[in-house]
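See structure below.
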Amino acid sequence: MKRPLILISGATATGKTATALKLASLISGEIINGDSLLFYPELNIGTAKPTPEELTLIPHHLINCGHLSEPYNASDYVAQALEAIENLHRSQKVPIIVGGSAFYIRALLKGMYESGEIDLQVREEISQLEKEKGWHFLRDELRKRDPLSYEKIHENDRYRTLRALEFSYTHNRPLSEERQRMEESGPYDFSKLQKEAWVLHHIYLDLPKDFHWEIMRKRAYKMIDAGLIEEVQEILNQGFSPELKPLQSIGYKETIQYLQGDLSKEELGERIYINTRRLAKSQKTFFKKTTPKITYHPLNQEESIMSDTLTFLKDLNHG
């Protein structure tokens, strides 16, 4: 039996939350978060997280499900999202995946490739090697074990270097080989999903560049006015390291730089805006490659989004 799955994707600040809330109320749907920063209850203002009021309007899944002190990875996400989708289908509800974190959304739709499973003992061994022999030793290990990854990963990119090494030690073959296999499987083809019963209706939200840029600029300054600096200060006061990966994300990284005296308050908003623009460009590059999808202007074509989705569900039920 075919099962509906709706994806609302798009770059940051394209109105995904508002669209999802309206659509969910229309079609008896529930929302599954597809934004990696919304996993953390400590991060609110800088992530543009749905408000408490919005979270009570429609049931949401996989928001505030992690903790800054416990890394939440893609395999955790996929396992919990699959369970949520299965439960919703069993309850005759329509799952609506909403977000712009391409890596997590693709992992859910297409399935995790093998790098998601890393032997924790291997991780400890690599950490011990670094303590004993240093970072340059690890880089040299990567060069020997996986020359393609070594060439592609910058020497200062700690996260990707360790990930490639962990994969190599765990599976005894290069991560670059696994990436190649994934590329050959059609990473942007969302018609081939990891569950054969799923039928995807992909709503991609896009805005004209100048209009979108203005929204992003206003949002950057609005976050500061709403208390972003105070939110970050409170997180640091609780003892969290500013080096944590979620705190290196846009909005938080720049605010930490401000608190450390590296940016003025005048520079803070502009820096957040510029980096948000770069993120949006990267997100657009990914989602524009994906097929199939229907592209909408979220403000001008709201009625079409609703009616097209109703038609999709009707056709699926009668198919």
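Within region 117-138, does at least one residue satisfy the condition of being within 27 Å of Lys284 (Cβ to Cβ) and surrounded by 14 or more Cβ atoms within 10 Å (Cβ to Cβ)? Taking every residue of region 117-138 in turn, none turns out to be within 27 Å of Lys284 (Cβ to Cβ) and surrounded by 14 or more Cβ atoms within 10 Å (Cβ to Cβ).
Note down all Cβ pairs under 8 Å where the first residue falls in region 166-186 and is closer than 21 Å to Val122 by Cβ, the second is β-branched (Val, Ile, Thr), and they're at least six residues apart or on different chains. These pairs meet every condition: Glu166/Ile118; Glu166/Val122; Glu166/Ile126; Phe167/Ile118; Tyr169/Val122; Tyr169/Ile126; Thr170/Ile118; Thr170/Val122. Candidates Tyr273, Tyr204: the one that is in contact (Cβ under 8 Å) with a residue 40 or more places away in the chain, within 29 Å of Leu109 (Cα to Cα), aromatic (Phe, Trp, Tyr) and touching a Lys or Arg at 6+ places or on another chain (Cβ under 7 Å) is Tyr204.
Matching residues to (1) within 27 Å of Ile6 (Cα to Cα); (2) among the β-branched types (Val, Ile, Thr):
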{"residue": "His171", "(1), (2)": "no, no"}
{"residue": "Glu184", "(1), (2)": "yes, no"}
{"residue": "Ala220", "(1), (2)": "no, no"}
{"residue": "Gln238", "(1), (2)": "no, no"}
{"residue": "Glu267", "(1), (2)": "no, no"}
{"residue": "Ile274", "(1), (2)": "no, yes"}
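Flag set for Leu205, criterion: modelled with pLDDT of 95 or more, within 20 Å of the chain's Cα centre (by Cα) and within 30 Å of Pro95 (Cβ to Cβ). Has region 19-36 got any residue that is over 27 Å from Val199 (Cα atoms) and either of a type in the set (A, V, I, L, M, F, W, C) or touching a Lys or Arg at 6+ places or on another chain (Cβ under 8 Å) (or both)? The answer is no; no qualifying residue exists.
Ile274 meets each of the listed conditions (1) surrounded by 18 or more Cβ atoms within 10 Å (Cβ to Cβ); (2) β-branched (Val, Ile, Thr); (3) under 30 Å from Ile235 (Cβ atoms) apart from (1). The condition of being of a type outside the set (A, V, I, L, M), at positive phi and surrounded by 17 or more Cβ atoms within 10 Å (Cβ to Cβ) holds for only one of Gly66, Gly99, Gly34, Gly111, that being Gly99.
Scanning region 294-316 for residues that are under 18 Å from Pro95 (Cα atoms) and either of a type in the set (Asp, Glu) or touching a Ser or Thr at 6+ places or on another chain (Cβ under 7 Å) (or both) returns Ile305, Asp308, Asp315. Residue pairs whose Cβ atoms lie under 8 Å apart, separated by 6 or more positions or on different chains, with the first residue in region 62-74 and free of Cβ contacts under 8 Å to residues at least 60 places away in the same chain and within 20 Å of Ile31 (Cα to Cα) and the second basic (Lys, Arg) and part of a loop (DSSP other than H, G, I, E, B), are Ile63/Lys49.
The values are calculated or read from the model by the stated rules, or taken from the named source; none is laboratory data. Keep in mind the model is a prediction, meaning the values are calculated, not measured. Please note: Cβ atoms are built from the backbone with ideal geometry, for glycine as well, and neighbour counts cover all protein chains shown.
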